[in-house]
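First the structure, in the form of structure tokens, and then the observations on it.
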Amino acid sequence: MERTLIKDLMGKIGQQVKIQGWLQILRDQKSMQFLVLRDRTGLVQITLWKKGNPELAEKISTLGVESALTVFGKVVENEVVKLGGIEIQLENLKVEGNAEAPLPFEPFGETLPDQDYRLDWRYLDLRRQRNRLIFEVQTTLEEGMREYWIQHNFIEMHSPKTMGTPSESGAELFEIKYFDRTAYLAQSPQFYKQMAMAAGYENVFEIGPVFRADPSFTSRHMTEFTGVDMEMSWIDDHDDVMKFMENWLAFSFQAVKDKHNEEIKTLLGTEMSVPSVPFPRMTMAEAYQVLKSMDYKLPPEKKGDLDPGAERALGNYIKEKYDNDFVFVTDWPATVRPFYHMRHEDNPTLTKSFDLLGKGLEVTTGAQREHRYDVLAAQALEKGLTLPPIQNYLNYFRYGCPPHGGFGLGLSRLLMVLLDLPNIREAVYLFRGPNRLEP
RNA sequence: GGGGGCGUGGUGUAGUGGUCAAACAUGCGGCCCUGUCAAGGCCGAGACCGCGGGUUCAACUCCCGUCGCUCCCGCCA
């Protein structure tokens, strides 16, 4: 017999059905048993008159909530039933996976345990529909991103995650044993996607894991996360990257809205909005003016940079003034940017770079890259790097590399912004942090 | 790495020097209940109050250390 999904039961009134799901509630009375079964599409009540099948009733009495069940019965209409006005008259039941009692916690209880404890029992926490929805949204979001890229002739890359030499900055890399030598986990596909530019791919993207050995204890950091990276060739400057990016992002958000708008409202209590294009832009210098006008005081050591408080303040300002959740902050000082960001011709202290803030949270860093070998090498030296460790990278620019730029985006951070999630641990399937390697 | 906060039955909380051999809710077990539906009623089990040391006649409560969690900052996506 074929399985019927709970949402389709209305069309099967009077028929025998097989449904499969988890026992959410068992009300075991003297003469009647009521089971509420949950599958990914909804809840339904299942009813058994005990005297009609004492053996089955006995079996049901031993069930723990959250057991995985296959249920056979007849769908009947019953106005008395508050759960959709229908119920299933139970005929047979197979226990596929019994749940021990008590559960570590009640996923559907009125109060939930601390997040850290729920992380220990992540699969139970994920049974809540609102958590399932987060990853349905993520799936649609990535689908939208891919669709837009493919429409624009991008090639998908899968770059290695093990590296022989530290690339951008040694401090934040995880060292791993690699036979008789040391290797490093990639903290960005940066160099590899630029290599694709040198290879003449013109447009590439990658969605893959990146690793950061930062001992960060915040609601928005992870030691391993999914990076969304792209790089495009033959641009005039970083604004070409921003133009592409805002349209790409709006397209992907629209895909999410088309598919999940109602559920996001009901399960997450948030109204999602598709940002209007173009996103507001402000240079770093303008951002400082705005902060000054808001009386936001940056710590003096943050010269030329923003701190999280400043980012939140700018997010609020943009929301109020332009009614947009996003803002590009451009033209960051070279002092706070990596050596490979291209600098302005008329002002070499500033880079052709940008951050994208979403609701005041940094979700992206991007730039036009320096593709001229001599300039790039000079900038590396100026930053205090030595050339031999990055010579393989520098070589990409020796035999005809086109002008190019791109960005890296944190997938879970974008989900936080999209769904108004307060903590990145909710926006990722399994969180990894300095003290969290399990499950 | 720096700073703040927290750590009490399975879970969420209350209790902040003696009245606590620790309370409430929920969950769990048992019994009762002609259809329940956030079901309800009764009974029961379950915590040496994170760990170690100290102060005190007396510590869940104060102090020190330690571990864990959490938030903010640094770092970044």
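Using θ = phi - 60° and the Karplus form 6.51 cos²θ - 1.76 cosθ + 1.60, what ³J(HN,Hα) does each residue of region A:79-92 get, whole Hz, x for Gly and Pro?
Values per residue, Gly and Pro as x: 4, 5, 6, 6, 7, x, x, 9, 8, 10, 7, 5, 10, 8 Hz.
Does chain A come out rounded, prolate or oblate by the C-alpha gyration tensor, with a ≥ b ≥ c the root eigenvalues, rounded set by a/c under 1.5 and, if not, prolate when a/b is larger than b/c and oblate if not?
prolate
Just report the Cα centroid separation between region A:339-415 and region A:250-307, whole Å.
Distance between centres, Cα-based: 23 Å.
Can you quote the Å³ per residue value for the convex hull of the Cα atoms in region A:6-97, rounded to an integer?
Enclosed volume per residue, from the Cα hull, is 85 Å³.
Between residue A:294 and residue A:114, what FRET efficiency follows from the Cβ-Cβ distance if R0 is 41 Å, with the result rounded to 0.05?
With R0 = 41 Å, the Cβ-Cβ based efficiency is 0.75.
With all protein chains present, calculate the accessible area of residue A:432 using a 1.4 Å probe and round the result to the nearest 10 Å².
The accessible area comes out at roughly 50 Å².
I'd like the Karplus ³J(HN,Hα) series for region A:269-281: coefficients 6.51, -1.76, 1.60, θ = phi - 60°, whole numbers in Hz, and an x wherever there's a Gly or Pro.
Ordered by residue, 3J(HN,Hα) equals x, 10, 9, 8, 10, 8, x, 7, 10, x, 6, x, 10 Hz.
Could you work out the Kirkwood radius for region A:271-390, taking every pair of different alpha carbons, averaging 1/r and inverting it, reported in Å?
By the Kirkwood definition, the hydrodynamic radius is 15.4 Å.
What is the percent carbon and sulfur in the accessible area of chain A, measuring with a 1.4 Å probe over the protein chains and ignoring ligands?
51 percent
Considering Cα pairs under 8 angstrom that are at least six residues apart, work out the relative contact order of chain A and quote it in whole percent.
With pairs under 8 Å counted, the relative contact order is 13 percent.
Can you list residues whose amide H is under 5 Å from residue A:25's amide H, if they're 5+ apart or on another chain and H is modeled 1.01 Å from N?
A:36
Can you compute the FRET efficiency between residue A:58 and residue A:5 using 1/(1 + (r/R0)^6), with r the Cβ-Cβ distance and R0 = 35 Å? Round to the nearest 0.05.
Efficiency computed from Cβ-Cβ geometry: 0.75.
May I ask for the Rg/Rh ratio of region A:360-439, computed from Cα atoms with Rh as the Kirkwood radius, given to two decimals?
Taking Rh as the inverse mean 1/r over Cα pairs, Rg/Rh reads 1.16.
Please calculate how many Å² of accessible area region A:129-426 carries per residue, with a 1.4 Å probe and no DNA, RNA or ligand atoms counted.
Heavy-atom accessible area per residue stands at 45 Å².
Report the residues of region A:6-30 in range of a label on residue A:123: point 7 Å along Cα→C-beta, backbone N strictly under 20 Å from it.
Counting only backbone N, you get A:20-25.
Placing +1 at every Lys and Arg Cβ and -1 at every Asp and Glu Cβ, with all other atoms neutral, what dipole size does region A:129-426 have around its Cα centre, in debye to the nearest 20?
500 debye
Of A:402, A:364, A:390, which is farthest along the charge dipole of region A:355-439 in the positive direction, counting Lys and Arg as +1 and Asp and Glu as -1 at C-beta?
A:390
So, R0 is 35 Å and r is the distance between the beta-carbons of residue A:307 and residue A:83; what FRET efficiency does that work out to, to 0.05?
Rounded to the nearest 0.05, the efficiency is 0.10.
The values are calculated or read from the model by the stated rules, or taken from the named source; none is laboratory data. These figures come from a predicted structure and were not determined experimentally. Using ideal geometry, Cβ is built from the backbone for each residue, glycine included, and neighbour counts are taken over all protein chains shown. Heads up: the accessible areas ignore ligands, DNA and RNA and are worked out on the full protein's heavy atoms, side chains in. Shrake-Rupley method; radii C 1.70, N 1.55, O 1.52, S 1.80 Å.
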